[in-house]
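Presented below is the structure to which this report refers.
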Amino acid sequence: MKKILVGTTKGLVIFEQKATAWKIAKVHFMGLPVSLVYVDERTNTWWAGLAHRHWGQKLHYSTDEGQKWHSVPMPKYPKDAEVKLGKRATLKKIWSMSHAGFDKPGELWMGTEPGGLFHSADNGQSFHLVESLWNHPSRIDENQWFGAGRDFPFIHSIAVNPRNSDHVYIAVSCAGVFETKDGGKSWNPRNKGLIAAYLPNPHVEVGHDPHLMLVCQSNPDVIWQQNHCGIFRSEDAALSWENVTDSSGIADYGFALAIDHQNPERAWVIPAVSDEVRVAHDLALCVCRTEDGGKTWQPLRNGLPQEFCFDIVFRHALANKNEILVFGSTTGNLFLSQDAGEHWQCLSSNLARIDYVALA
């Protein structure tokens with residue numbers, strides 16, 4: 001890791017390591033809200049989504065680590081696409097991006113609000129709505145997709161099976177996890193074992209609220225999600241989910257999630273107090289780690305503020321690589337650990353709200 005890309009409500013802040021210290025090297029898109037940061041590991045292309053207050057969403061990319069930025073046309077919903085009967089679908093926000101596999105150069109996936117998945121076959125120069133998902137009966141006929149803290153549902157997680165690039169998972173708030181095994185031609189919900197405590201039937205097939213979903217790269221049968229109703233893990237490629245919430249601790253509600261891609265038993269979450277309150281537990285910032293697949297969770301606090309701390313961490317504001325973890329908070333604090341969370345150092349306490357963190 002050489003750079004940390006931090007997407008804030010006032011620009012894209014780049015941190016670089018100088019000797020043993022991390023310093024701000026540059027700020028891109030000064031003053032503009034950054035809604036997406038994605039680094040394509042195949043090419044080291046940087047992608048940045050911007051949420052202009054007047055012009056709406058814009059998408060930029062750089063092939064030289066930010067020396068030059070290029071814009072691309074924004075994806076558009078077809079004229080006949082409707083969020084609901086009589087209301088035309090228009091792009092509200094870009095939430096997520098993923099490459100489509102190392103065997104598919106130039107192909108990208110994009111998750112948006114109001115619940116549209118887009119695909120590009122030309123390195124993001126154009127995107128087309130995946131109508132097989134958009135027209136899924138659970139959204140069209142049964143009206144089981146709905147907004148969670150937003151007016152519309154949104155796709156915030158996209159995970160490609162590293163062993164089979166036609167096998168893709170997406171997570172929707174609110175709808176749940178969906179899976180395709182044929183490159184997006186057909187989709188099936190994969191929510192067995194999840195809990196939607198806010199619905200009359202908490203065990204519905206569709207209507208769940210995953211906050212973030214990640215697939216283990218060394219063992220893609222293992223999938224984790226931080227959910228509105230707890231922490232869940234699957235060992236059978238999402239055919240079923242197990243609730244691994246810490247019943248005796250604070251590893252429960254939250255947004256951010258990181259997993260060890262070499263060790264499917266290891267993961268980190270950053271808990272918060274309930275959807276209504278949304279502050280750190282006891283106003284003390286804490287990261288929780290499991291080494292046994294969620295059977296037990298250990299709180300990690302060394303170097304994190306423990307008094308009158310109102311920080312929480314949004315779903316895309318935690319990133320990791322091997323033993324290194326970096327996260328940013330809603331109050332503009334950026335923290336780094338180089339030993340799997342045992343010790344933390346604050347890299348900055350003067351940033352705007354942090355929505356995205358990526359490592360390059």
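The values are calculated or read from the model by the stated rules, or taken from the named source; none is laboratory data. Bear in mind the structure is a predicted one, so any value in this text is a computation, not a measurement. Quick reminder, even Gly has a Cβ in these numbers, built from the backbone with ideal geometry, and neighbours come from all protein chains shown.
Tabulated data
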quantity	calculated
Selection from the range 152-202 of residues that are polar (S, T, N, Q) and surrounded by fewer than 20 Cβ atoms within 10 Å (Cβ to Cβ)	Asn161, Asn164, Ser165, Thr180, Ser186, Asn188, Asn201
Extreme residue, modelled with the lowest pLDDT, among residues of the range 270-287 that are more than 12 Å from Cys309 (Cβ to Cβ) and surrounded by fewer than 23 Cβ atoms within 10 Å (Cβ to Cβ)	Asp275
Residue under evaluation Trp268, criteria (1) of a type outside the set (S, T, N, Q); (2) within 18 Å of the chain's Cα centre (by Cα); (3) assigned to a loop (DSSP other than H, G, I, E, B); (4) under 18 Å from Ser218 (Cβ atoms), criterion not met	(3)
Residues of the range 191-204 that turn out to be more than 15 Å from Asp275 (Cβ to Cβ), within 22 Å of the chain's Cα centre (by Cα) and of a type outside the set (Lys, Arg), as a count	3
Per-region count, the range 64-90, residues touching a residue at least 12 places away in the same chain (Cβ under 8 Å) and either of a type in the set (Gly, Ala, Ser) or farther than 24 Å from Glu142 by Cβ (or both)	11
Top-ranked residue of the range 221-237 - restricted to ones that are in a strand (DSSP E or B) and of a type in the set (Val, Ile, Thr), ranked as farthest from Arg289 (Cα to Cα)	Ile223
Single residue of the range 242-265 satisfying the filter (among the hydroxyl-bearing types (Ser, Thr, Tyr) and modelled with pLDDT of 95 or more) that is nearest to the chain's Cα centre (by Cα)	Tyr253
Residue within the range 95-105 that is touching a helix residue (DSSP H, G or I) at 6+ places or on another chain (Cβ under 9 Å), in contact (Cβ under 8 Å) with a residue 60 or more places away in the chain, under 23 Å from His316 (Cα atoms) and buried (at least 19 other Cβ atoms within 10 Å of the Cβ) present	no
Yes/no for Ser218 being assigned to a loop (DSSP other than H, G, I, E, B) and without any contact (Cβ under 8 Å) to a residue 24 or more places away in the chain	no
From Leu129, Leu117, Leu85, residue being among the aliphatic types (A, V, I, L, M) and surrounded by fewer than 16 Cβ atoms within 10 Å (Cβ to Cβ)	Leu85
Number of the exception - Tyr198 against (1) touching a residue at least 60 places away in the same chain (Cβ under 8 Å); (2) out of contact with any helix residue (DSSP H, G or I) (no Cβ under 7 Å at 6 or more places or on another chain)	(1)
Residues of the range 331-360 classified as in contact with a Phe, Trp or Tyr (Cβ under 9 Å, 6 or more places away or on another chain), within 14 Å of Val37 (Cβ to Cβ) and outside any loop (DSSP other than H, G, I, E, B), total	6
Enumerated strands (runs of 3 or more DSSP E) restricted to the range 12-119, each holding at least 1 residues that are of a type in the set (D, E, K, R) and either within 19 Å of the chain's Cα centre (by Cα) or under 24 Å from Val357 (Cβ atoms) (or both)	21-28, 34-40, 56-62, 93-99, 108-113
Candidate set: the range 18-69, residues that are within 22 Å of Thr90 (Cα to Cα) and of a type in the set (D, E, K, R); chosen: the one modelled with the highest pLDDT	Lys58
Scan of the range 46-59 for residues that are touching a residue at least 24 places away in the same chain (Cβ under 8 Å) and buried (at least 18 other Cβ atoms within 10 Å of the Cβ), ordered by number	Trp46, Trp47, Ala48, Gly49, Ala51, Gln57, Leu59
Any pair with Cβ under 7 angstrom, 6 or more apart, that starts in the range 279-302 at a residue that is touching a residue at least 60 places away in the same chain (Cβ under 8 Å) and closer than 17 Å to Asn243 by Cα and ends at one that is assigned to a loop (DSSP other than H, G, I, E, B) and acidic (Asp, Glu)	Gly293/Glu265
